[in-house]
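A quick write-up on the structure given underneath.
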Amino acid sequence: NEVKKQTEEKGTNYAWAQILKVSFMQRLTDTYGPIPYKSINSTSLTVAYDSQEDVYRAMFDDLNAAIEVLTSYVQANPGAAPMAKYDNVYAGNFSQWVKYANSLKLRMALRISKALPDYAREQAESAVKHPLGVITSNADNASYYYEKGNPINVMWDSYADILCYMNGYKDKRLEKYMQKHTGDWSTVEYAAIPSGVYVDLQTNTKKYSAPNIMKTDRLMWLNAAEVAFCRAEGGLLGWNVGDGGSVADPETFYNQGIQLSFEQWNASGVADYIEDATSVPDKYVDPAGKHRTMAAPSTMTVKWSESANASEKLERIMIQKWIALYPLGQEAWSEIRRTGFPKVFNLPNQANYNIETVPNRLPFSYNEYLNNKTNTENAVGLLDGEDNFATKLWWQKGN
């Protein structure tokens with residue numbers, strides 16, 4: 001809001017601020033559904049909520065306007081980086097910010113592809129066909145350096161689902177993702193806890209595998225692998241998000257996404273991994289014997305199969321996209337809610353929340369009911385359901 005006031009909603013700094021705003025508001029709406037967006041100001045916390053559809057349409061409008069401004073600047077001022085001192089992501093390179101914004105558009109378009117299929121396709125194709133395009137290499141990945149330390153270093157809990165997939169696939173990225181456990185368990189190198197179980201944070205969790213992320217590591221916002229998998233899924237939908245504006249070939253971008261992820265993590269064995277037509281995810285067994293054994297969540301293999309049906313192709317894409325999103329839990333959660341893939345373990349106490357695997361959303365904050373009561377109560381009417389974990393978001397239509 002301060003940037004908006006100081007710039008009078010003009011210029012590159014305002015456009016840059018708009019991209020940042022959409023970046024975090026997209027996560028916020030995908031957590032709660034309806035949120036305040038169009039009427040937000042810097043003087044009041046009593047603000048009306050917008051429906052999630054209205055939020056998404058407004059975010060696309062803001063992104064498109066910002067992309068237009070920054071593209072014009074880049075074309076007129078090649079190599080200029082006036083905000084390098086203040087840019088902790090791209091060191092002032094607005095060309096990369098445009099690629100990031102286009103990639104964010106592509107992510108958002110897939111998110112609403114069932115709710116607004118024609119509009120989603122239009123936004124996705126315009127992102128890929130833009131002169132500066134989308135992120136295609138790891139050199140353009142959007143990541144952030146936290147001066148006080150990467151929060152994933154201390155914010156972690158359950159990883160049973162991804163561990164079973166990666167163990168079963170003999171995925172060599174696993175050693176990049178997780179540290180070896182510190183428990184007295186000689187049968188396995190890595191150990192994880194299922195979602196939804198009670199753990200003693202002091203004596204239990206610390207023995208299991210922690211994320212292999214140091215305080216000084218950058219935190220990924222959006223990577224080239226995710227973009228490739230978005231284009232693979234776009235190909236399944238018949239969208240023109242391939243090279244040269246053609247319909248994307250799902251197999252090409254599926255394999256490209258895997259390749260880019262292995263490169264990002266400097267992991268070996270990608271050629272064998274892509275061709276593996278036999279390995280499947282493992283079942284879950286707790287080496288400490290504290291948590292229940294669970295059957296493997298899926299029987300899907302890695303190698304692309306052109307003869308597979310549409311659902312199997314989507315599941316294959318989403319499994320690999322989900323693995324490549326690590327440790328970006330927000331997007332991984334959203335993709336499971338949107339597509340139903342990858343299949344994950346059921347929660348142990350489903351009746352408590354009326355959900356089987358993952359919550360569909362989070363309830364509105366208690367503080368909102370105190371400080372923004374009328375608007376929050378009106379927002380419940382935009383949910384098409386109760387303000388609880390089970391109510392689906394607008395873009396989950398068809399799932």
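Over all distinct Cα-Cα pairs of segment 258-399, the Kirkwood formula returns a hydrodynamic radius of 18.0 Å.
The convex hull built on the alpha-carbon positions of the chain has an orientation-averaged projected area of 20.5 nm².
Determine the shape class of segment 165-283: with a ≥ b ≥ c the square roots of the Cα gyration tensor eigenvalues, call it rounded for a/c under 1.5, and otherwise prolate if a/b is greater than b/c, oblate otherwise. Prolate. Taking ARG57, ARG218, ARG111 in turn, the Gaussian network model of the chain (Cα-Cα springs below 10 Å) assigns the largest fluctuation to ARG57.
Could you work out the local net charge near SER365, counting Lys and Arg as +1, Asp and Glu as -1, over the other residues with Cβ closer than 14 Å to its Cβ?
Working: positive: ARG361, LYS373; negative: GLU368, GLU377, ASP387.
The answer is -1.
Could you pull out the pairs from LYS99/LYS303; LYS283/LYS343; LYS148/LYS215; LYS170/LYS283; LYS172/LYS207 whose alpha carbons sit more than 18 Å apart here? Pairs exceeding the cut-off: LYS99/LYS303; LYS172/LYS207. Per residue, the accessible area of the chain comes to 46 Å², computed with a 1.4 Å probe over protein heavy atoms only. Measuring nothing but protein heavy atoms, the accessible surface of the chain at 1.4 Å probe radius is 49 percent carbon and sulfur. When the Cα atoms of segment 1-150 are aligned to their principal axes, the ranges along those axes come out at 40, 37, 34 Å in descending order. From most to least packed by mean Cβ count within 10 Å, the peptides 323-332, 64-73, 100-109 give 100-109, 323-332, 64-73.
The values are calculated or read from the model by the stated rules, or taken from the named source; none is laboratory data. Please read these numbers as outputs of a predicted model, since none were measured by experiment. Because the Cβ atoms are built from the backbone with ideal geometry, glycine has one as well, and the counts that use them run over all protein chains shown. These accessible areas exclude ligands, DNA and RNA; they are computed on the full protein's heavy atoms, side chains included. Shrake-Rupley method; radii C 1.70, N 1.55, O 1.52, S 1.80 Å.
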